[in-house]
Amino acid sequence: MLLVMLGLAPLLPAPPGGIQAEWGWEVFSAWDSDHYQAIATQGYPGEPTAELSPLFAFFPLFPLVVRGLMVLGLPFAVAGVLVSAVGFGVAVAIVDRWVTEDYGPIAARWAVTVLSCFPFSLFASVAYTEGLFLGLSSLTLYQFHHRRYRQAALWGALATATRITGLALVPALGLVAWKERRSIAAFLAALAPLAGVGAYGLYCGLRVHNPLAFVEAQKYWQAADQAFWGQPWLTMVAQAFLGPANAEAGALVDPVYPAIVLLIGGLAWGLRSGWSRWGETRSSACAAVLILGFWLLGGDPALNLAIAIGTLVLFWQTRSQLQPLPWFYSLSSLAIIFASGRTISVERHIYGMVTFSLALGLVLAKYPQRGRLLIAFFGLLLVLMSLRFAQHLWVA
């Protein structure tokens with residue numbers, strides 16, 4: 001990815017709607033990075049009578065740590081990448097150790113590979129919160145798993161000071177403590193993540209007289225034409241299966257697109273029926289071609305919808321393999337991610353669940369040939385998304 005963003009991207013001309021990337025650390029800073037940079041350099045706006053700033057939707061720990069490095073003389077982009085890289089390195093180490101202990105070294109290698117090669121691992125290497133959040137949430141789960149409740153409480157509080165999705169830790173840890181009849185210390189550790197978001201709410205109350213400012217600021221990412229909960233999902237389904245032209249017109253103006261989708265679906269059904277006769281290698285290659293074709297046809301809506309549906313199927317298929325802690329954390333995380341009814345950045349938040357890589361690693365350990373093809377597809381997407389990010393084109 002470093003070679004792509006620093007070596008290849010600057011050689012390409014500016015795409016429509018983007019910029020020509022220049023060699024330097026700034027290729028790792030775009031979109032949400034600008035908001036974090038504003039917080040790190042100027043702080044949150046403090047005029048309670050003015051319109052609520054969208055900056056309050058971005059939690060404070062990441063820009064606070066970055067600010068600490070900037071005081072030492074590092075530019076924002078360098079400090080942001082460094083924080084992300086350290087957090088991501090911690091996540092990789094924890095996933096490798098945890099999966100090796102509970103599921104074996106082969107599953108651990110696949111889980112780490114997914115964590116490192118999934119397309120949205122891009123955001124764990126730029127000035128975003130993914131790397132830091134993955135590191136803190138994995139530390140919380142791992143320490144709680146080993147009944148080290150003080151450490152779990154500390155890392156959990158820091159996780160919710162990084163991203164609001166860290167609140168998924170509270171029901172997950174609480175349910176495990178109840179199910180396994182753990183001590184009072186376990187229940188206290190389960191409540192500890194509330195301290196991070198609570199501290200931020202207290203700050204918002206003191207700053208703009210609104211302790212829920214971080215919730216209200218989410219409205220800035222609400223689609224203007226969203227008439228009801230889940231409408232963006234219906235739009236995405238229509239775009240992926242009927243085509244953008246048909247979805248926008250509300251009528252069948254492009255019959256070719258849905259016809260090709262039906263053809264791909266029929267071939268996929270035939271592949272499913274003949275899997276045992278054709279063998280894993282040939283069947284896996286055919287499946288890879290169909291997936292690639294659907295992505296080339298449907299673009300981002302098809303990819304994002306496939307990730308969302310595939311994640312639900314993944315956790316259902318691995319429910320008997322996963323231990324209670326990663327299972328409950330996955331469920332509570334998905335509940336928070338889908339609760340808004342919005343589709344923006346859903347795929348990125350799904351990757352931000354460390355248990356996603358763990359669960360997919362367990363599956364690919366059973367089917368290594370399919371896993372190699374899938375990882376190759378992930379690598380292709382990672383290269384393309386890295387180029388888009390460096391050129392300031394929207395990724396997720």
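The values are calculated or read from the model by the stated rules, or taken from the named source; none is laboratory data. Values in this document were obtained by computation on a predicted structure and should not be read as measured data. Cβ sites come from the backbone with ideal geometry, for glycine too, and all protein chains shown count toward neighbours. Only protein heavy atoms, including side chains, enter the accessible area calculation; ligands, DNA and RNA are left aside. Shrake-Rupley method; radii C 1.70, N 1.55, O 1.52, S 1.80 Å.
List the number of the failed condition for I184; all other conditions in (1) without any contact (Cβ under 8 Å) to a residue 60 or more places away in the chain; (2) farther than 22 Å from A152 by Cβ hold. Just one mismatch for I184, condition (2).
Residues that are modelled with pLDDT of 85 or more and open to solvent by 70 Å² or more (accessible area, probe 1.4 Å) within segment 1-21 comprise P13, P16, G17, I19, Q20, listed in sequence order.
Of the residues making up segment 200-217, those that are under 17 Å from T165 (Cβ atoms) and at pLDDT 95 or above are Y200, G201.
So that you can scan it fast, the table gives a plain yes or no per residue for (1) touching a strand residue (DSSP E or B) at 6+ places or on another chain (Cβ under 6 Å); (2) at pLDDT below 90; (3) among the polar types (S, T, N, Q); (4) within 16 Å of S137 (Cα to Cα):
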site	(1), (2), (3), (4)
T311	no, no, yes, no
I350	no, no, no, yes
V354	no, no, no, yes
V363	no, no, no, no
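For V253, are the conditions met, namely being assigned to a helix (DSSP H, G or I) and either aliphatic (A, V, I, L, M) or at pLDDT 70 or above (or both)? So V253 does not fit the description; no.
For segment 353-367, a residue qualifies if it is in contact (Cβ under 8 Å) with a residue 24 or more places away in the chain, in a helix (DSSP H, G or I) and not aromatic (F, W, Y), and the qualifying residues are V354, T355, S357, L358, A359, L360, G361, L362, V363, L364, A365. Selection within segment 42-78: residues that are part of a helix (DSSP H, G or I) and without any contact (Cβ under 8 Å) to a residue 40 or more places away in the chain. The member of this set that is least open to solvent (accessible area, probe 1.4 Å) is P63. Note on segment 331-352: among residues that are in contact (Cβ under 8 Å) with a residue 60 or more places away in the chain and under 30 Å from R181 (Cβ atoms), the one that is surrounded by the most Cβ atoms within 10 Å (Cβ to Cβ) is S333. Number of residues in segment 157-195 that are within 27 Å of F56 (Cα to Cα), among the small types (G, A, S) and open to solvent by less than 10 Å² (accessible area, probe 1.4 Å): the value is 6. Count of segment 97-111 residues, restricted to those that are within 21 Å of P324 (Cβ to Cβ), in a helix (DSSP H, G or I) and open to solvent by less than 70 Å² (accessible area, probe 1.4 Å), is 8. Each residue in segment 297-326 was checked for being outside any helix (DSSP H, G or I) and open to solvent by 10 Å² or more (accessible area, probe 1.4 Å), and 5 pass.
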